[in-house]
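Working notes for the structure below.
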Amino acid sequence: MTSSRTNPEGPTDPEGLTGSAAWELLLPAASAPARARGRSLQAALREAVRSGRLAPDTRLPSSRDLAADLGVSRGLVTEAYEQLTAEGYLRSGRGAGTWVGGAVRAARPRARDLAPRSPGARADFVPGTPDLSLFPRAAWAAAQRGVMAESPHEMLGYPDPRGLPRLRTALAELLARRRGVVADPERLVVVSGVAQATALLGFVLHARGTRTVGVEDPGSPQHGALYASAGVGTVALPLDDEGLAIGPLRASGVRGVVTTPAHQFPTGIAYSARRRAQLLDWARSVDGLVFEDDYDGDFRYDRAPVGALQGLDPEHVAYAGSVSKSLAPGLRLGWLLVPDSLADEVVERKRTMDLGHPTLDQALFARFLERGDYDRQLRRCQRAYRQRRDALVDALEEHFPGAQVTGIAAGLHVIAELPEKYGPQEDFLERAASAGVAVRPLSAYAHARVDDAVVRLVLGYAQLSPGRIRAGVGLMADAVRT
């Protein structure tokens, strides 16, 4: 294979490749099956130009020479040159040969993984992720096989943006039975988790003229970011021992508020019956909306879970939940139950956002619900997480005498306030990190500045076995004593 780097139309290219190197780039394409050889040669040439291995202004061999070197027909090479010239990768002129074009800018292809993790941690107590090893692979695979066997071809078309009727019916039964909601399948929307439910409501409220909603303080930082993406600002509203403080809520002037009443994140309290009633009285008085994020609603260990707030007033409460803690967050599967007055607008926004949730995933989860697999999975998770919470509480008592664990016995995290001798908090966190213990303070979830003299930690335990929990707390204790 011959190649020249003398360019009559421009400067010489000192970075061009030798003929043998270029030939090596294309040789695998020439060895492809006959029917795919032309496409393979085009793809190899295109990638060589795109990656920079064939530099701009490099002259390519004639179609006759390249065909002879590769052992393919001249017509195949001519067709490849013509196709890539039409796409802008090559350029040619009558009697001037074929050259690598200058329009392409070489870029090294790469795929980064931006999934949230705590790299290198010996013990990860950052809350928010369940034990992914508990995912019921065998039961899920069986449900998948059943769905593929029983689903009609029509189900693979664009779905109702609310979700498959089969899944909405099964979800309505589940939520009414387990969470006490007033669940009308016609007002249920299958979504990609609570995050999408939040964004959907944000867009609808913005279209109605709402520019600000209230959020719990401390609370999940995601709520503010999600509403901001819809053009809606947030006002941080304080909590007291019973839940969202009503006085500041009324004084704020907002007509919408985000709450986690079953197990407030991150403080771990459950809204009292009195506060739930007061919150609904406020919503009725301003014709407002309470967005109930049913965070950890299924995971209560000392008693049966308190029913959802939505069951008391379905016209002033929008209710959302997901399988992120019970199955896996990577499934991106959740639900949003909205008041009748918002239903049409939410459904239309869902339609324009993504044309509906994937139908095979919906049918699979519907079958999982109908056969009782989801109830079994919830019981399995409840047993595992209760044992891990007990292990964490015991380890804190052993290694940090005098530590106070607050909040109800529920969910996948606890709040631990350590004795004053372990402060200030900044020093404690630095020492824990140096020992390879990933931990997050309660102050990380507060909108307002808080006193960091006392160490208050939000400790997630779902990802760790009881043994690793005890070892991790021991590591943390050893680090802060030195």
Q. Within the set of pairs 6+ apart or on separate chains, which have a first residue in region 207-232 that is of a type outside the set (Phe, Trp, Tyr), a second that is exposed (fewer than 13 other Cβ atoms within 10 Å of the Cβ) and modelled with pLDDT under 95, and C-beta atoms under 9 Å apart?
A. Asp217/Ala448; Pro218/Ala448
Q) Hey, does region 383-401 have a residue that's over 24 Å from Tyr301 (Cα atoms), open to solvent by less than 30 Å² (accessible area, probe 1.4 Å) and touching a helix residue (DSSP H, G or I) at 6+ places or on another chain (Cβ under 9 Å)? A) no
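For region 341-399, give me each residue that is among the hydroxyl-bearing types (Ser, Thr, Tyr), farther than 20 Å from Lys325 by Cα and touching a residue at least 24 places away in the same chain (Cβ under 8 Å).
Across region 341-399, the qualifying residues are Ser341, Thr359.
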Q.
Exactly one of these conditions fails for Ser326: (1) within 21 Å of Ala199 (Cβ to Cβ); (2) modelled with pLDDT of 95 or more; (3) open to solvent by less than 10 Å² (accessible area, probe 1.4 Å). Give me its number.
A. (1)
Q | Unmet criterion (only one of (1) over 25 Å from Arg117 (Cα atoms); (2) at pLDDT 95 or above; (3) open to solvent by 20 Å² or more (accessible area, probe 1.4 Å)) for Arg468 | A | (1)
Q.
Tell me which strands (runs of 3 or more DSSP E) are completely within region 196-273 and hold 1 or more residues being among the acidic types (Asp, Glu), or say none if there are none.
A. 212-217, 233-240
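Give the residue, chosen from Ala183, Ala197, that is within 18 Å of Ala308 (Cα to Cα), open to solvent by less than 70 Å² (accessible area, probe 1.4 Å), over 23 Å from the mean Cα position of the chain (by Cα) and of a type in the set (Gly, Ala, Ser). Quick ask: steps written out before the conclusion?
Working: Ala197 fails: over 23 Å from the mean Cα position of the chain (by Cα).
After ruling out the rest, the residue left standing is Ala183.
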Q) among the hydroxyl-bearing types (Ser, Thr, Tyr), under 25 Å from the mean Cα position of the chain (by Cα), at pLDDT 95 or above and closer than 30 Å to Arg388 by Cα: does that describe Thr259? A) yes
Q | Members of region 81-117 that are in a strand (DSSP E or B) and not small (Gly, Ala, Ser) | A | Leu90, Arg91, Thr98, Trp99, Val100
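For region 64-80, which residues satisfy the criterion of being in contact (Cβ under 8 Å) with a residue 24 or more places away in the chain and either surrounded by 20 or more Cβ atoms within 10 Å (Cβ to Cβ) or assigned to a helix (DSSP H, G or I) (or both)? Lay out the reasoning, then the answer.
Going residue by residue through region 64-80, those that are in contact (Cβ under 8 Å) with a residue 24 or more places away in the chain are 65-66, 69-72, 76-77, 79-80.
Scanning region 64-80 gives Asp65, Leu66, Asp69, Leu70, Val72, Leu76, Val77, Glu79, Ala80.
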Q | Residue satisfying condition, being modelled with pLDDT under 95 and among the aliphatic types (A, V, I, L, M), within set Ala195, Ala207, Ala199, Ala183 | A | Ala183
Q.
Condition first: on the phi < 0 side of the Ramachandran plot and open to solvent by 50 Å² or more (accessible area, probe 1.4 Å). Now tell me which residues in region 329-347 satisfy that.
A. Gly330, Asp340, Ser341, Asp344, Glu345
Q | Members of region 90-115 that are modelled with pLDDT of 75 or more, open to solvent by 60 Å² or more (accessible area, probe 1.4 Å) and touching a helix residue (DSSP H, G or I) at 6+ places or on another chain (Cβ under 7 Å) | A | Arg91, Ser92
Q) Which condition number does Arg178 fail, the rest of (1) in a helix (DSSP H, G or I); (2) open to solvent by less than 40 Å² (accessible area, probe 1.4 Å) being met? A) (2)
Q.
Can you go through Ala262, Ala283, Ala245 and tell me which one is over 30 Å from Gln144 (Cβ atoms) and touching a His at 6+ places or on another chain (Cβ under 6 Å)?
A. Ala283
Q: Search region 116-147 for residues being at pLDDT 80 or above and more than 30 Å from Arg376 (Cα to Cα), and hand back the single one that is least open to solvent (accessible area, probe 1.4 Å).
A: Ala121
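Being among the hydroxyl-bearing types (Ser, Thr, Tyr), within 23 Å of Gly253 (Cβ to Cβ) and open to solvent by less than 50 Å² (accessible area, probe 1.4 Å) is the filter here; which residues of region 269-316 pass it? If you could, list the steps in order and put the result at the bottom.
Initial filter on region 269-316 (among the hydroxyl-bearing types (Ser, Thr, Tyr)): 271-272, 285, 295, 301.
In the following step, the residues that additionally are within 23 Å of Gly253 (Cβ to Cβ) were identified as 271, 285.
The answer is Tyr271, and nothing else.
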Q) How many residues does region 154-175 contain that are surrounded by fewer than 17 Cβ atoms within 10 Å (Cβ to Cβ) and over 17 Å from His357 (Cα atoms)? A) 1
Q) Taking region 201-238, which residues are surrounded by fewer than 19 Cβ atoms within 10 Å (Cβ to Cβ), among the hydrophobic types (A, V, I, L, M, F, W, C) and in contact with a strand residue (DSSP E or B) (Cβ under 8 Å, 6 or more places away or on another chain)? A) Ala228, Val235, Ala236
(Q) Need the failing condition index for Gly460 against (1) modelled with pLDDT of 95 or more; (2) surrounded by fewer than 17 Cβ atoms within 10 Å (Cβ to Cβ), just the number. (A) (2)
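The values are calculated or read from the model by the stated rules, or taken from the named source; none is laboratory data. Predicted model only: the values in this text are computed from it and were never measured. With ideal geometry, Cβ positions are generated from the backbone for all residues, glycine too; neighbour counts draw on all protein chains shown. Side chains are part of the model used for accessible areas, which takes the heavy atoms of the whole protein and leaves out ligands, DNA and RNA. Shrake-Rupley method; radii C 1.70, N 1.55, O 1.52, S 1.80 Å.
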